[in-house]
Each structure stands twice: as structure tokens, then as C-alpha cells.
Amino acid sequence: MAIVSKFGGTSAKDGITLENVINNIILANPERKVIVFSAPGKASQDDIKVTDLLIRIGETNWNSREYPSDLIRQFRERFLTIADYLGLERSFLSYHFNLLDAFVKTEMDNRDAYLDSIKPFGEMITAKLVAEFLRKQGKKTGVYLPEEIGMITDGNFGKSKLLESSYQKITDKLKPVLERTDEIIIVPGFYGVDSRGRYTTFSRGGSDLTGAILANTVDAKLYENWTDTDGIRRADPRIIDNPDTIEKMTYREAREFAYSGAEVLHPDTLIPLIAKDIPLNVRNTFNLSNKGTYITTSKIPNGHVVEGVSHKEGFTVLYVEKTGMEDEIGYLNRLTNVLLNHGLSISQMTTSIDSVSVAMPANQINGKAEAVIGDIIKNKLADSEGVNMDYDKSMVCVVGEGMRHHVGVLTKLSGELASHGINIETVYQGPSERSIIFGLDSKDAKIAVKAIYDLYFGNRR
Ligand code: ASP
């Protein structure tokens with residue numbers, strides 16, 4: 001059975017890194033048979049990710065109708081430098097450069113479709129470069145482009161989803177290759193095609209998803225996600241200095257963690273893996289001795305009550321009071337319909353007898369707050385003076401399967417926050433008891449993360 005290995009932008013950022021990845025990771029284990037690459041990330045601090053460069057190329061041409069020659073030159077230079085470092089002929093890149101040029105110059109009437117026709121070139125050329133380097137070393141390898149293996153999406157440009165029917169198509173293409181040959185299969189991440197064959201990208205970071213889809217379709221024994229940190233950390237390293245790595249976590253913990261702001265994986269990554277119970281190992285390309293984080297369906301209890309703490313900023317909380325709302329059949333339905341009519345999604349909701357608070361992403365509600373409040377009043381969903389919006393709110397999420405059936409976690413956590421003078425405005429604990437989410441003022445969020453981390457994993461643990 002094969003291992004599917006996906007390498008993120010930092011693992012492809014320049015020639016020396018790619019050479020290390022190929023020689024010390026891909027070729028170090030013959031089971032690594034299906035390889036997915038992202039586009040090169042920043043090669044230095046003041047550099048730009050190749051995908052961002054492509055977006056800039058597309059946007060510049062779209063806005064000004066002027067061929068962005070400087071940006072194109074910068075794009076070519078990135079790959080030529082890598083090809084030179086790896087000792088590859090520059091000439092084989094010409095075909096892809098010309099193809100990109102042709103797309104840049106193509107007139108289209110849909111901006112998102114136009115950008116999506118340009119964005120895949122980073123991953124595409126990286127896959128070709130890697131294959132070329134492997135071939136030069138006498139390895140049997142093939143690049144399988146998403147358009148050739150049946151990665152058909154719903155055609156939603158910039159945020160496409162794979163069609164359910166594509167899974168079987170990809171299996172039919174790739175499984176025979178795996179069974180018949182010892183070829184290393186290389187697939188560019190991040191994109192597929194719509195039913196008309198036009199490029200469509202997943203949302204940003206979508207190469208993770210490409211890898212997970214492939215792991216599902218070839219029934220991989222393991223999906224490896226190679227990045228530049230030692231797996232998933234117990235807290236954001238920008239807040240906690242060198243936080244511990246979580247050695248093992250369950251899919252459900254990982255889902256809650258990713259959802260609540262821990263930005264290691266694309267949030268949809270786990271879905272194709274859960275369907276086939278394929279373990280995921282998040283590892284560090286630059287620290288091979290660290291085994292990273294293993295994510296599996298279940299784990300042997302390790303005595304940890306809490307596995308990690310993350311936070312997400314940028315919420316606006318709607319607070320509504322209405323005497324007797326508890327007895328009013330359909331009240332919440334009517335309230336959420338108002339929000340739906342304004343295109344707002346609900347992140348969290350808590351109710352008490354006569355009040356409800358609804359947290360929503362601030363960027364969705366910007367400019368609409370007055371209209372929403374107006375509709376709530378018009379529909380008699382609030383007492384007079386009973387509705388307002390609170391801005392600059394954050395969610396701090398504490399995750400751990402160990403919290404289930406463990407008495408006193410909430411008391412311990414809220415006591416700790418109180419001792420730091422932090423006011424908890426709302427508490428959300430889902431029925432799964434795998435996470436507790438505190439809604440609080442954004443100015444307190446990082447202090448709360450630090451306090452909770454120290455409580456469970458700091459020196460005082
Ligand atoms: N290169 C794409 C991005 O920057 C996809 C990925 O890296 O997964 O979002």
C-alpha cells in the first residue's frame with residue numbers, strides 16, 4: 001500500500017530545499033509513491049509566494065489590460081533559478097511559460113474564471129521540475145495532471161469542491177498505475193477542472209485537499225503532510241514561545257482545532273481521510289528527527305484532558321433580548337432567517353431564557369449592522385432597546401477528547417481566566433464535549449490563550 005506525501009510551499013521554496021525533499025524524504029522510503037506539490041512559498045523574508053505572484057499577474061492584467069511583463073519575468077526567474085540549481089535544462093520550462101502567457105493574454109468575461117486559469121501554474125511547473133529531477137536520477141516517474149486523472153470540480157472558481165463522482169474516476173486512473181509499475185506518481189496540488197475542462201482552484205491552501213483526495217482514491221496506508229513546523233502545536237507559536245507538538249490527536253479534535261483557528265491544515269483536508277480511516281501525519285521537512293503529529297480515528301487515552309488551545313479573531317456578536325422568547329414557537333427560526341436574508345453565517349449561538357447571542361464573522365456583517373438591527377425590530381424579535389451588536393470579539397477554543405467525562409474542566413478554565421481579569425462573555429460547549437469555546441473581547445484573546453496553555457502545559461502543570 002502506498003503513502004501519499006504532500007509538500008507545502010515552504011518545502012518547495014527553492015532548489016536546495018527541493019533537492020533535500022527529493023533525496024532525503026521522497027526517495028528515502030519506496031512506499032512514498034504518490035507525491036503532491038504546492039507552489040513554491042517565499043524563498044526569503046521579502047519574497048512573495050508564487051501563488052500570490054500569479055494572482056498579482058492576473059489582477060494586474062485584468063485591471064489595466066496591460067501585459068505585466070515585470071511580474072512575469074519575476075515568475076520565470078523563480079523557476080529558472082530552481083532549474084539551474086537542480087542542474088536541469090532550462091528549455092523544458094519554455095512550454096509552460098508560453099502556456100501561462102497564452103492564458104494571461106486570453107480575454108475572458110469572468111474575473112474569477114480568469115484568475116483560476118492562471119493560479120495553477122505554480123503547482124504545475126513545480127510538479128514538472130520535480131519529475132525532471134527524479135528522471136535525471138534514473139527514477140521512473142510521471143506527472144499526472146488533475147485534468148488527466150478526472151479531478152472534476154463543481155466549477156466554483158476560487159473555492160471549488162471536488163464532485164463526488166470524481167473519486168471513482170481518479171481511482172480508475174491511478175490504482176492501475178500503482179499496481180502495475182513502480183513509478184512515482186506526481187500530482188500538482190490546488191486545482192482541478194470543471195466539466196468544461198476549465199481550471200478551477202480549491203480555496204487557498206488547497207493542495208492539502210488534493211493530497212487527501214488522492215489518499216482516499218488510492219486507499220493509502222498513510223497521508224503525510226510535510227510543512228515547516230513540527231506538526232500541530234498545542235498553541236499558536238506566535239503567542240507561545242515554542243509550544244509543544246501534539247503527538248497524537250483524533251480526527252475530531254483536529255477538525256475542531258482547525259476550525260477554531262489553528263492554521264496548519266486546510267479545514268476540508270480531513271473529510272476524505274475520515275471516509276477511509278486513513279491516518280494523517282503532519283511533519284516538518286526541516287526537522288526529520290521529529291515525528292510530527294499523528295491524526296487517527298481514535299487514540300489510546302494519554303491522560304491529557306486538554307490537547308491544545310487556539311483562537312480566532314474577527315467576530316461581531318449580535319445580542320438580542322426578548323421577554324418570553326423561550327415560549328415563542330419558531331422564535332429562533334425567525335431570527336436566523338433575518339440573518340440568512342442578509343447573507344450572514346452563524347459561527348456560534350447561545351441562548352438563555354430571554355436572550356440570545358449570535359457570533360458572526362465581522363467581515364460579513366460590516367456595513368449591514370444597522371439594516372440587520374432594523375429588521376429584527378421590524379419583525380418584533382426584540383424588546384425595545386433589546387438588541388445590539390458587540391464588535392471586536394474573539395473565540396478561544398480549548399480542545400481535547402479527554403474533557404469528556406472529566407469533571408471540573410470548565411470551572412478550572414474559567415477560574416484561570418478570572419484570575420487574569422478576563423471577562424468571559426459567552427461559553428459554548430458542544431454536546432460532543434470535545435471543545436469549550438469562550439467568547440471574549442479581542443484584547444483579551446492572546447492573554448487567555450497564554451493563560452490556558454500555561455495552566456495545562458506550562459511550568460505549573
Ligand atoms: N499554492 C496554493 C496557495 O498558496 C495552494 C497551497 O499552497 O496549498 O494557497
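A few notes on this one:
- Distribution of pairwise C-alpha distances over segment 3-228, 5 Å bins, in %: 1, 7, 16, 20, 20, 17, 12, 5, 2, 0, 0
- Degrees between helix 121-136 axis and first principal axis of the chain (Cα, 0 to 90, nearest 10): 40 degrees
- Contour minus Cα-Cα distance for A28 and D392 (0.36 nm per residue): 126.2 nm
- Relative contact order (%) - the chain, alpha-carbon pairs under 8 angstrom, separation at least six: 13 percent
- Distance between the C-alpha centres of segment 261-315 and segment 157-230: 19 Å, rounded to the whole angstrom.
- Rg/Rg_ref, segment 1-109, where Rg_ref = 2.2 N^0.38 Å and atoms are Cα: 1.22
- Per-selection Kirkwood Rh - the chain (Cα, Å, 1 d.p.): 24.2 Å
- In this structure segment 3-228 gives 41 Å² per residue of accessible area when probed at 1.4 Å with all protein chains present.
- In order along segment 142-159, phi translates into HN-Hα couplings of x, 8, 10, 6, x, 5, 8, 10, x, 7, 8, 10, 6, x, 7, 4, x, 8 Hz, rounded to whole numbers, per the Karplus curve 6.51 cos²θ - 1.76 cosθ + 1.60 with θ = phi - 60° and x for Gly and Pro.
- Given charges at beta-carbon only (K, R positive; D, E negative), |dipole| of the chain in Debye: 1240 debye
- In this structure the amide hydrogen of H406, modeled in the peptide plane, comes within under 5 Å of no amide hydrogen from residues 5 or more places off or on another chain.
- Full-extension gain in nm, K276 to D327, via 0.36 nm per residue minus C-alpha separation: 13.9 nm
- Inter-probe distance in nm under a simple model that places probes 7 Å from Cα toward Cβ, at I447 and R404: 3.5 nm
- Between 0 and 90 degrees, the angle of helix 69-85 with respect to the longest Cα principal axis of the chain falls at about 70 degrees.
- Out-of-range pairs (alpha-carbon distance over 18 Å; input K119/K161; K13/K173; K49/K140; K128/K291): K13/K173; K49/K140; K128/K291
- Paramagnetic label zone (point 7 Å from Cα along Cα-to-C-beta, K221; backbone N under 20 Å) in segment 291-305: 291-298
- Net lengthening on full extension, D47/E179 (0.36 nm per residue, minus Cα-Cα): 43.4 nm
- Diffusion coefficient (Stokes-Einstein, Kirkwood radius over C-alpha pairs, 37 °C, 0.692 mPa s) for segment 178-331: 182 µm²/s, rounded to a whole number.
The values are calculated or read from the model by the stated rules, or taken from the named source; none is laboratory data. Every value quoted in this text rests on a predicted model; they were computed, and no experiment measured them. Ideal geometry is used to build each Cβ from the backbone, glycine not excepted, and the neighbour counts take in all protein chains shown. The protein model used for the area step is the full one, side chains on, heavy atoms only, and it has no ligands, DNA or RNA in it. Shrake-Rupley method; radii C 1.70, N 1.55, O 1.52, S 1.80 Å.
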